[in-house]
Amino acid sequence: MTASQRRGSRCWRPGVAGRPQTGRRHELSTTSHVLESFFNQATAQSHLQSTPADCVLALAPLMLDLLDNADTFLQPHHYRSSDVSYTRNLIYEAPDKGLSLYSLVWLPGQWTPVHDHGSWGVVGVLEGVLEERSYVRLSPDRGSDEEIDLVRGGIVLLRRGSVTSFVPNPDHIHVTGVPKERARAVSLHIYGRTMNDFNVYDVEARTRRRITVAHNES
Ligand SMILES: [Fe+2]
């Protein structure tokens with residue numbers, strides 16, 4: 001079993017493979033009862049459920065409720081964006097690094113690279129239409145970063161209020177973003193660890209590499 005497989009083997013496992021962007025912890029605002037309730041329930045479920053699949057099964061309905069009440073806790077800085085790339089704004093990071101919540105802002109034409117996650121995750125769309133283009137791995141994952149065969153799979157269009165999820169082992173591989181002809185999209189992402197690194201894939205070269213990803217602090 002690889003390190004990434006071990007990270008995803010239990011949904012409560014923090015699985016911090018890399019150094020966080022900063023050493024700060026992000027405690028919940030006491031004025032945000034909606035967010036506090038969400039994380040109380042999410043933390044309880046992430047400890048209660050024994051597999052990542054059970055974890056996202058339990059948390060997806062919580063994300064639906066969080067989307068409905070997002071205006072009670074989202075602040076202007078959670079909508080920060082950049083002309084350079086899509087933007088990740090940290091909303092909450094659990095002290096044990098076992099949960100994290102981000103708002104992602106996608107301007108027209110901004111996409112992720114082809115990537116996986118090394119964690120379970122639940123995604124909800126707040127604004128716009130978020131597009132997901134999936135890849136299917138044909139070669140077995142024996143832990144090598146080479147000789148990886150991917151083919152393009154289906155796409156999903158997620159409108160406001162939509163919730164999707166993924167689990168590791170085998171990890172979900174995809175690109176996510178907004179075509180240039182569509183309007184800005186904003187989405188909420190909760191992960192089973194601090195999401196500060198993940199694998200990106202070069203489909204033509206049949207390789208992957210681990211990258212550290214930046215985010216804005218709350
Ligand atoms: Fe992703």
D68-A205 pseudo-label distance in nm [points 7 Å out on the Cα-to-Cβ vector]: 4.7
Size of electric dipole in the chain: Cβ of Lys, Arg +1 and of Asp, Glu -1, about Cα centre, debye, nearest 20: 300
Cα lying deepest toward the dipole's positive end in the chain, options T207, C55, I91, charges on Cβ: T207
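If each residue's Cβ is checked for other Cβ atoms within 10 Å, how do E181, E36 rank with the fewest at the top?
E181, E36
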Residue order, fewest to most surrounding Cβ atoms within 10 angstrom, among D171, D145: D145, D171
Förster radius 22 Å - calculated FRET efficiency between R152 and L48 (Cβ-Cβ, nearest 0.05): 0.05
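Throughout, read-outs are computed from the coordinates displayed, never taken from laboratory work. All values derive from a computational prediction rather than experimental measurement. Positions of Cβ are generated from backbone atoms using ideal geometry, with glycine treated the same way; all protein chains shown enter the neighbour counts.
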